[in-house]
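Undergrad: Let me give you the structure first, and then I'll get to my questions.
The values are calculated or read from the model by the stated rules, or taken from the named source; none is laboratory data. Worth saying up front: this structure is predicted, and the values here are computed from it rather than measured. When we count neighbours, we look across all protein chains shown, and the Cβ atoms used for this are built from the backbone with ideal geometry, even at glycine. SASA here: full protein model, heavy atoms, side chains in, ligands and nucleic acids out. Shrake-Rupley method; radii C 1.70, N 1.55, O 1.52, S 1.80 Å.
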Amino acid sequence: MSLLNVFDIAGSALSAQTIRLNTVASNLANAETASSRPEDVYRSKQPIFQTVYSDQLSSNETAGVRVLEILEAEGKATQEYNPGHPLADDTGYIYKPAINALSEVANMISASRSYQTNVEVMSTAKQLLLRTLALGK
Amino acid sequence: MRLSLDNILGIHQQALSLHSQRSSVLASNLANADTPGFKARDIDFRAALKQANSAGAEGLKMTHKNHMTAAGGKASGPAELLYRETSQPSLDGNTVDNQIEQAAFSDNAMHYMATLDFLGGRVKGIIGAIRGE
């Protein structure tokens, strides 16, 4: 029954989008996290999505999605002169992550839209299945 | 005349199964809307329904999607997936257009419900005939 597959497919997308939302939350939360050394600075995390086919032999089928890995973005930490900061190094500098809040928020909106779409798909599939079960009653 | 359940339900049973297959294809398009390199798929409903309807006693029944089709004979199995033409693919190779897929999904759901109503009418009819009402 293909309609039952819809729950697996949309469910995999919900889980992938949740991970994406989680990384956005983590990136935004740590946007201002200071450290004393540039290599210790928090790096923005980006999930990589991948299509999952239930049977790799055949491309003639439907597919869900999964998070292949979560990459840490390259990017130079921003240096800030703040000698009064408790984490300042010997020269008086602290280091902050190179996180673009605007692109993170755009990413968040995109993820939440995709999440909504997949919830709609699931609830439509549920309605169709319930009506199929009530067939002839 | 011999009553056969297949004759009573008519084309609607094939239509229902094709609609449910299409809904899972469209759901996988929507699920992969953000996956790099994913190509949107769809089925040609008219051709698939024609094939499913004409695959009768002479055709081979395919119980697995990897079964080969017999030469000359028609086979009834899941409909073949085609790739959707897109006007504006993304830079990452993804060809899913969310709006098109959502519209197609709702359209497919409405058709599924219409087919269910037709089937429900047939089932009610046969129940009425059995009871002699």
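Undergrad: In µm²/s, what is D for the protein assembly as shown at 10 °C and 1.306 mPa s, where D = kT/(6 pi eta Rh) by Stokes-Einstein and Rh is the Kirkwood radius from Cα pairs?
TA: Numbers: Rh = 21.9 Å.
It comes out at roughly 72 µm²/s.
Undergrad: What are the residues whose amide H is under 5 Å from the amide H of A:V52, where those residues sit 5 or more places off or on another chain and H is modelled from the backbone?
TA: Under 5 Å from the amide H of A:V52 lie the amide H atoms of A:G64, A:V65, A:R66, each far enough along the sequence or on another chain.
Undergrad: What ³J(HN,Hα) values, in whole Hz, does the Karplus curve 6.51 cos²θ - 1.76 cosθ + 1.60 give for region B:83-88 when θ = phi - 60°, with x put for Gly and Pro?
TA: For region B:83-88, the Karplus curve yields 9, 7, 6, 10, 7, 9 Hz.
Undergrad: Roughly how many Å² of A:R66 are accessible to a 1.4 Å probe, to the nearest 10?
TA: Ignoring ligands and nucleic acids, A:R66 comes out at about 110 Å².
Undergrad: Amide H of A:L87: which non-local residues (sequence gap of 5 or more, or other chain) have their own amide H closer than 5 Å, using H built in the peptide plane?
TA: Under 5 Å from the amide H of A:L87 lies no amide H from a residue far enough along the sequence or on another chain.
Undergrad: Which whole number gives the average, over all residues in A:125-135, of C-beta atoms from other chains lying within 10 Å of the residue C-beta?
TA: 4
Undergrad: While we're here: Count the lysine pairs in chain A whose Cα atoms lie under 19 Å apart, taking only pairs 8 or more positions apart in sequence or on different chains. Mind dumping the intermediate values first?
TA: Values: A:K45/A:K76; A:K45/A:K96; A:K76/A:K96; A:K126/A:K137.
Final tally of qualifying lysine pairs is 4.
Undergrad: Within region A:19-53, which residues have the backbone N less than 19 Å from the label spot 7 Å out from B:N98 along Cα→beta-carbon, could you tell me?
TA: Under 19 Å, as judged by backbone N against the label point of B:N98, lie A:19-25, A:47-51 of region A:19-53.
Undergrad: Could you tell me how many cubic angstrom of Cα convex hull volume chain A has per residue?
TA: Values: hull volume 16.5 nm³, N = 137.
In chain A, the Cα hull volume divided by residue count equals 120 Å³.
Undergrad: Still on this model: Aspartates and glutamates near B:K124 by alpha-carbon distance under 14 Å, same-chain residues fewer than 8 away left out - which ones?
TA: Cα-Cα hits under 14 Å: B:E133.
Undergrad: Please work out the FRET efficiency for the pair B:E80 and B:I126, using the Cβ-Cβ distance as r and a Förster radius of 41 Å; give the result to the nearest 0.05.
TA: Values: r = 33 Å, r/R0 = 0.81.
My answer for the efficiency is 0.80.
Undergrad: Going by accessible area, probe 1.4 Å, with all protein chains left in place, what is the ranking of B:D117, B:D42, largest first?
TA: Working: B:D117 95, B:D42 20 Å².
If we order B:D117, B:D42 from most to least accessible, we get B:D117, B:D42.
Undergrad: Would you kindly find the accessible area of A:E104, with a 1.4 Å probe and non-protein molecules such as ligands, DNA and RNA excluded, rounding to the nearest 10 Å²?
TA: Rounded to the nearest 10, the figure is 10 Å².
Undergrad: Each residue of region B:9-14 in turn: what ³J(HN,Hα) in whole Hz from Karplus with 6.51, -1.76, 1.60 and θ = phi - 60°, glycine and Pro shown as x?
TA: Values, residue by residue: 6, x, 6, 5, 5, 5 Hz.
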